[in-house]
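Read the structure below first, then the notes.
Please treat every number below as a calculation from the coordinates, not as lab data. None of these values were measured; they are calculated from a predicted model. Cβ coordinates were reconstructed from backbone atoms using ideal geometry, including for glycine residues, and neighbour counts include every protein chain displayed.
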Amino acid sequence: MFETYDHLSPLISVVIPVYNAEKFIEETILTVLNQTYINWELILVDDCSTDNSVNIIKQFENNKIHLYQLNANSGAALARNYGIEKSNGDFICFLDADDLWDKNKLEKQLDFMINNNYAFTFTGYEFANIDGEPNGKKVSVPKKINYKNALKNTIISTITVMFNMNLLSKEDIYMPNVESEDTATWWKILKNHDYAYGLNEILSFYRRGMKSLSSNKFRNLKQVWHLYRKQEKLNFFESTCYFICYIKNAIVKRL
């Protein structure tokens, strides 16, 4: 592990898209402030919130915490892309405005990447209730996953990824402006890079809350099917085979 943190330590950019997150955004900012690894910058991109999110964020602004406000509501993909564009980090990771990290997340994942010279990593995580309290449902991750594996799996969570920008370009990680943009991004990267590598430790906490409504689940499945057919241009038989595996893995993960 890194024993000291100074200007020679790699800078990690943390990108958070924000939309009407006044109930959670302070706690999410604090989860970054409380990290054991301290050479980071936090980039919050507000996507035209209509609540008090911006005022809450402004209370934290300093030379490490930066707020950007989009002129029009554009969705999470474009908000993240704007944050990527503004980032200066040697490493980039994503966090959602209502989710949380273990205090060792950045330190452990950075150490994992540097020691192995990995370009793209992800970690295990645990579901939490609306109050951010872990509920015991933990998601373990494999040692590595390739493009074909990723087509069958929901295992990579957005709030767990980290990218080595010495091995990837910003163009590699920009998210396409489609539904299920995170899934589409992992597929895009893995078509050009052999593997994403998993650190099987619980370092992130995903609030289920409203994000787990059944209507959202069915909508997400429709979006993934659309990605198979339109973005990946898989034929009907290939799409069906991958889709069955995707559904099976999604159910297992959430049981």
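Name the residues in the stretch 48-84 that are touching a Pro at 6+ places or on another chain (Cβ under 6 Å) and either farther than 26 Å from ASP102 by Cβ or of a type outside the set (Lys, Arg) (or both), would you?
ALA76, ALA79
Looking only at residues that are free of Cβ contacts under 8 Å to residues at least 40 places away in the same chain and not in a strand (DSSP E or B) in the stretch 121-141, which one is surrounded by the fewest Cβ atoms within 10 Å (Cβ to Cβ)?
ASP131
Is it the case that the stretch 142-161 has a residue that's surrounded by 21 or more Cβ atoms within 10 Å (Cβ to Cβ), assigned to a helix (DSSP H, G or I) and of a type outside the set (A, V, I, L, M, F, W, C)?
Scanning the stretch 142-161 turns up at least one residue that is surrounded by 21 or more Cβ atoms within 10 Å (Cβ to Cβ), assigned to a helix (DSSP H, G or I) and of a type outside the set (A, V, I, L, M, F, W, C).
Give me the residue from the stretch 111-120 that is among the aliphatic types (A, V, I, L, M) and assigned to a helix (DSSP H, G or I) and, out of that set, nearest to the chain's Cα centre (by Cα).
Only one residue tops the list, namely MET113.
Taking into account only those residues within the stretch 164-184 that are touching a residue at least 40 places away in the same chain (Cβ under 8 Å) and among the hydroxyl-bearing types (Ser, Thr, Tyr), which is nearest to ILE145 (Cα to Cα)?
The selected residue is THR183.
Hey, could you check the stretch 168-199 for residues that are assigned to a loop (DSSP other than H, G, I, E, B) and of a type in the set (Phe, Trp, Tyr) and say which is nearest to ILE156 (Cα to Cα)?
Looking only at the stretch 168-199, we keep the residues that are assigned to a loop (DSSP other than H, G, I, E, B), and these are 168-169, 174-180, 191-195.
This time we only want the ones that are of a type in the set (Phe, Trp, Tyr), so: 174, 195.
Working: TYR174: 16, TYR195: 12 Å.
Within the stretch 168-199, the match that is nearest to ILE156 (Cα to Cα) is TYR195.
What about GLU201, is it under 22 Å from LYS108 (Cα atoms) and surrounded by 14 or more Cβ atoms within 10 Å (Cβ to Cβ)?
It is true that GLU201 is under 22 Å from LYS108 (Cα atoms) and surrounded by 14 or more Cβ atoms within 10 Å (Cβ to Cβ).
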